[in-house]
Amino acid sequence: MKQVPACEYNPFEAVQTNVLGAQHIVDAAIDPGVKKVVALSTDKAVNPVNLYGATKLCEEKIIVQGNAYASTTNTVLSCVRYGNVVGS
């Protein structure tokens, strides 16, 4: 989920999608030996003040830590952040 209001009104879905979904991506990438995974995050994960930012921060941590689980494989997991609001 990638909109603040949608996450605030549907917190269960936000966690299912952004947090647990990240874990599923890590597992799905490592098992078959996917070479590269790039997760798209947001500048709101830097200092989260809402559920959206908090779930994206968790997503980032899960993706980056996935490299420890993938250390014996060729899989590389990384995150990029974007900002789409002036001054955010």
Identify the residue in the stretch 20-42 that is among the hydrophobic types (A, V, I, L, M, F, W, C) and open to solvent by 50 Å² or more (accessible area, probe 1.4 Å) and, among all such residues, is nearest to the chain's Cα centre (by Cα).
40
Report the residue count in the stretch 1-19 for those that are outside any helix (DSSP H, G or I) and either in contact (Cβ under 8 Å) with a residue 12 or more places away in the chain or surrounded by fewer than 14 Cβ atoms within 10 Å (Cβ to Cβ) (or both).
3
Can you name every residue in the stretch 43-78 that is β-branched (Val, Ile, Thr), surrounded by fewer than 19 Cβ atoms within 10 Å (Cβ to Cβ) and in a helix (DSSP H, G or I)?
64
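The values are calculated or read from the model by the stated rules, or taken from the named source; none is laboratory data. Not measured: the values here are computed from a predicted model. Reconstructed Cβ throughout: ideal geometry from the backbone, glycine too, with neighbour counts over all protein chains shown. Only protein heavy atoms, including side chains, enter the accessible area calculation; ligands, DNA and RNA are left aside. Shrake-Rupley method; radii C 1.70, N 1.55, O 1.52, S 1.80 Å.
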